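Chemist: Pasting a structure here, questions to come.
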Amino acid sequence: MNLEILKLQVHTYLYENYLNKKIHKENGAKFLPMNRTSVHIDKQASIVLYGNLKLNAQCKKRNSGRSTMLRIDKNARLQVGYQGKSFQLYYGCDVIVFEGGKLELGAGFCNADTKIRCKNHIKIGNDVVISHNVTIEDFDGHQLYEMLDSSGMSPISISAPIEIGDHVWIGAKATILKGVHIGDGAVVAAGSVVTSNIPAYTLCAGVPAKVIKKNVSWE
């Protein structure tokens, strides 16, 4: 056996053991990193599983070069699942929970190339479908200021929690920004940029997203 391959296998085995000690699992929940998954968990981070978390799901042979990345920083927390249900991150997904952030993933999946950036608190409910190339981010990348006439500049809040309810469908290439609440059963059309709350059982679309239809359902 090639020495480099042996080193890699030993490193992988040791890291899997480390992860198993770091992850708190309830009622047989499983942490399932598939082929080409990159996982970085700080020693002072925590992961709690009430349901299975599958990383790089649906990575078929033709997509074998694609990877999924999960990073949980210092004092950050990832909580996953409802009992007996799973959350899946497909190939190309990129998830970071920054220092002090909390990410709650219920049950459902993120399709390919979805990006989640959590610095405050992001909560995703049960039976949620997130299409490919979606971005969910609960903070601004840089500090913004409001310019005042005489007293200089006033800082604008850089982050605010995001909550996505149960049975929500988020279309391809949509963007969900800080401070947004999306109600149960809502549908976010492809390419939308959501900057304000979306009521339950509505269809929203546009930049910025606005309700275009009420009393909708989907399956």
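Chemist: Within the range 6-17, identify whether any single residue is surrounded by 12 or more Cβ atoms within 10 Å (Cβ to Cβ) and modelled with pLDDT of 60 or more, and answer yes or no.
Modeler: no
Chemist: Oh, and also: Might you let me know whether the range 188-197 holds any residue that is open to solvent by 40 Å² or more (accessible area, probe 1.4 Å), farther than 15 Å from residue 130 by Cβ, in contact with a Ser or Thr (Cβ under 8 Å, 6 or more places away or on another chain) and part of a loop (DSSP other than H, G, I, E, B)?
Modeler: Looking for residues that are open to solvent by 40 Å² or more (accessible area, probe 1.4 Å), farther than 15 Å from residue 130 by Cβ, in contact with a Ser or Thr (Cβ under 8 Å, 6 or more places away or on another chain) and part of a loop (DSSP other than H, G, I, E, B), one finds none in the range 188-197, hence no.
Chemist: Out of (1) free of Cβ contacts under 8 Å to residues at least 24 places away in the same chain; (2) in contact with a Lys or Arg (Cβ under 7 Å, 6 or more places away or on another chain), what's the single condition that is false for residue 98?
Modeler: The one condition residue 98 does not meet is (1).
Chemist: Do we find that residue 103 is aliphatic (A, V, I, L, M) and under 14 Å from the mean Cα position of the chain (by Cα) in this structure?
Modeler: yes
Chemist: Out of the range 198-212, which residues are part of a strand (DSSP E or B) and either touching a Lys or Arg at 6+ places or on another chain (Cβ under 8 Å) or farther than 23 Å from residue 126 by Cβ (or both)?
Modeler: 202, 203, 204, 205, 210, 212
Chemist: Okay, next question. Looking at 185, 171 in this structure, which one is over 25 Å from residue 55 (Cα atoms) and under 22 Å from the mean Cα position of the chain (by Cα)?
Modeler: Checking each option against the conditions leaves just 185.
Chemist: Same structure, new question: Residues 73, 138, 166: which one is farther than 30 Å from residue 213 by Cβ and in contact (Cβ under 8 Å) with a residue 24 or more places away in the chain?
Modeler: Exactly one of 73, 138, 166 is farther than 30 Å from residue 213 by Cβ and in contact (Cβ under 8 Å) with a residue 24 or more places away in the chain, namely 73.
Chemist: Also, I was wondering about something else. In the range 80-175, which strands (runs of 3 or more DSSP E) lie fully inside it and hold 2 or more residues that are over 23 Å from residue 38 (Cα atoms) and open to solvent by 70 Å² or more (accessible area, probe 1.4 Å)?
Modeler: In the range 80-175, 144-147, 153-156 are the strands (runs of 3 or more DSSP E) which contain 2 or more residues that are over 23 Å from residue 38 (Cα atoms) and open to solvent by 70 Å² or more (accessible area, probe 1.4 Å).
Chemist: Further question: Among the residues in the range 52-72, are any touching a Gly at 6+ places or on another chain (Cβ under 9 Å), open to solvent by 50 Å² or more (accessible area, probe 1.4 Å) and closer than 29 Å to residue 183 by Cα?
Modeler: no
The values are calculated or read from the model by the stated rules, or taken from the named source; none is laboratory data. Everything quoted here is computed from the prediction, not taken from an experiment. We place every Cβ from the backbone using ideal geometry, glycine too, and count neighbours over all the protein chains shown. Quick note on the areas: whole protein, heavy atoms, side chains included, nothing else; ligands and nucleic acids left out. Shrake-Rupley method; radii C 1.70, N 1.55, O 1.52, S 1.80 Å.
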